[in-house]
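For reference, the structure is listed below as structure tokens.
No lab work stands behind these numbers, since they all come straight from the coordinates. Predicted model, so just to flag it, every value in this text is computed and none were measured. Ideal geometry is used to build each Cβ from the backbone, glycine not excepted, and the neighbour counts take in all protein chains shown.
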Amino acid sequence: MTRKVLIANRGEIALRALRACKELDLKTVAIYSTGDKELKHLRLADETVCVGPASPLKSYLNIPAILSAAEVTRADAIYPGYGFLAEDADFAEKCEASGFVFIGPSSSVIRQMGDKITAKDLAEQSGIPIVPGYRGILPKDEIALKKIASDVGYPIMIKASAGGGGRGMRVVREEAELVSSINLTQQEAKNAFGNDTLYLEKFIQNPRHIEIQIVADGKGHAIHLGTRDCSMQRRHQKVIEEAPAQDVNAEALEITLNACLQLCKSISYSGVGTIEFLYENNQFYFIEMNTRIQVEHPVSEMITGFDLVKAQLKIALNMGMTLDQNEIIFRGHAMECRINAEDPETFVPSPGLISKMHPPGGFGVRFDSHIYSGYVVPPHYDSLLAKIITTANTRESCIKRMVSALDEFFVDGIQTNHSLHQKLLKDQTFCSNKHDINYLEEVFLSS
Ligand code: ADP
């Protein structure tokens, strides 16, 4: 019997999932909001269901509406994508309880990894290098608190265990700021996450962002697809991503890769996942594990030929996925530019009608996008319009191919960050791979 997957997302990732389902002969149900009737993948899905008004809270985050859409269409499984409910343990648990396969790890694993203190404890137990810090209960006594912080060593970062999306953290550079910063972060964490547990860790000043893509079957097999470098960021949002990360200490990498696989095995991880690190002075420091597909997954696909979304579906639906590290052959370099509907200088979102557009193409160019001429970008959602991905034998030729792809790409009617990418690809620091996570904001954009 053909199985049916409900795609609980929108935009490019919904289209990406739909394509993978088709290749696996899975039927598809596309959900949408009233603000999203023109989404490209709705025309390609077997069935569509409107789950609510444009506001994400009432549609793509509306758990009862999504579960009832799955029920009425008799879907077997739910594909969460990224963002929205992808890392919501309660949603995964409700899917499980209602008899739907949640395409991702179990709700209990999502819950464990969503708690930063638990995630760090588990990572450390598997031998993953973590940021030095203090994860015990913070004392009320100021002298004891100051002793803990000075043992960690300034500058430090105060973080909420339940934090996420860049919220619930604060840098403290000197002792005089410590107590007030702890009180503030505690209050914010209580208001935002309903949990005011905090921990302290060393603030890593000028790191690169390097992450490891893993795939595991929940039955003791786990493989990695190597590294990605996502150091070009603005406000913790990645702008350009590439694979593999270059100029990485081989010994530190080997230890870290093996420890990541060990973690997957120890928590019976099932599906794809990303283990994120800060990297400075030849050392990896674990920051978090994302228990879902990531926006930048195509760069890992392009250097390995391994389809991560198909793997997610096959693992979750027991379609006979075998994972063998020896079958993963790394080849060349890949790079992704995220094209957003926004002003390239002020970064203010720019929704509206795309009157005309031309996608880039050619050898080694991949264009993952849901947009088309005549599409109206709604104002209610993330501004990601397209991902341009280029692959070549070397990083240098990959950059050249991207420059050419960007020259071909054309969107009229709304503003995009296209010109920012064109400038970045000509930047000497970027081309020589010398940028860190602070470069874009603190150097490139402020000069
Ligand atoms: P979230 O789950 O909210 O995204 P993360 O722990 O992943 O939080 O951290 C988000 C970003 O904050 C990181 O990508 C990094 O840029 C910065 N960051 C986090 N921890 C540290 C640290 N110890 N030192 C320096 N920067 C940090």
Place +1 on the Cβ of every Lys and Arg and -1 on the Cβ of every Asp and Glu in the chain, take the dipole about the Cα centre, and give the residue among S268, I66, M402 whose Cα lies farthest towards its positive end.
-> I66
For the chain, count the residues as N, evaluate 2.2 N^0.38 Å, and divide the Cα radius of gyration by that value, please.
-> 0.97
Efficiency by 1/(1 + (r/R0)^6): what FRET value for S150 and E71, r their Cβ-Cβ distance, R0 = 60 Å, to the nearest 0.05?
-> 0.60
Between rounded, prolate and oblate, where does region 132-202 land on the alpha carbon gyration tensor, with a ≥ b ≥ c its root eigenvalues, rounded for a/c under 1.5, else prolate if a/b exceeds b/c?
-> prolate
Hz values of 3J(HN,Hα) by residue in region 125-136 - Karplus curve (6.51, -1.76, 1.60), Gly and Pro given as x | 4, 8, x, 7, x, 10, 5, x, x, 10, 10, x
What list of ³J(HN,Hα) couplings, whole Hz, do you get for region 107-121 from phi and the Karplus terms 6.51, -1.76, 1.60, once you set θ to phi - 60° and write x for glycine and proline?
-> 4, 5, 5, 4, 5, 4, 6, x, 9, 5, 5, 4, 4, 5, 4
Of all lysine pairs in region 4-87 that are eight or more residues apart or on different chains, those with Cα atoms under 17 Å apart total 5
Over the chain, what is the percentage of antiparallel beta bridges among all DSSP beta bridges, to the nearest 5?
-> 80
With +1 on each Lys and Arg Cβ and -1 on each Asp and Glu Cβ, how big is the dipole of the chain about its Cα centre, in debye rounded to the nearest 20?
-> 740
Taking K and R as +1 and D and E as -1, what net charge do the other residues with C-beta under 15 Å from the C-beta of S98 add up to?
-> -3
Compare the Cα positions of A86, V5, T48 along the charge dipole of region 4-87 (+1 at Cβ of Lys, Arg; -1 at Cβ of Asp, Glu; about the Cα centre) and return the one farthest towards the positive end.
-> T48
Please label the shape of region 313-382 as rounded, prolate or oblate, based on the square roots a ≥ b ≥ c of the eigenvalues of the alpha-carbon gyration tensor (a/c under 1.5 means rounded; beyond that, a/b larger than b/c means prolate, else oblate).
-> prolate
Around M357, with a cut-off of 15 angstrom between Cβ atoms, what is the net charge of the other residues, counting Lys and Arg +1 and Asp and Glu -1?
-> -3
Mean residue ellipticity at 222 nm from the helices of the chain, using -39,500 (n - 2.57) per DSSP H segment of n ≥ 4 over the full residue count, to the nearest 500 deg cm²/dmol?
-> -9000 deg cm²/dmol
Distance-filtered residues of region 134-153 - backbone nitrogen under 14 Å, label point 7 angstrom along Q283 Cα→Cβ = 134, 152-153
In Å, the Kirkwood estimate of hydrodynamic radius for region 4-87 over Cα pairs equals 12.3
Under 13 Å from the Cβ of S59, count the other residues' Cβ atoms, weight Lys and Arg +1, Asp and Glu -1, and hand me the total.
-> +2
Treat each spin label as a single point 7 Å out from the Cα along the C-beta direction, and report the Q325 to L24 distance in nm.
-> 2.4
Any idea how far the Cα center of region 282-334 sits from the one of region 371-412, in Å?
-> 22
Lysines with Cα under 17 Å of K219, excluding same-chain neighbours fewer than 8 positions away | K265, K314
Extension gain S446-A250, at 0.36 nm per residue separation less the Cα-Cα distance, in nm?
-> 67.2 nm
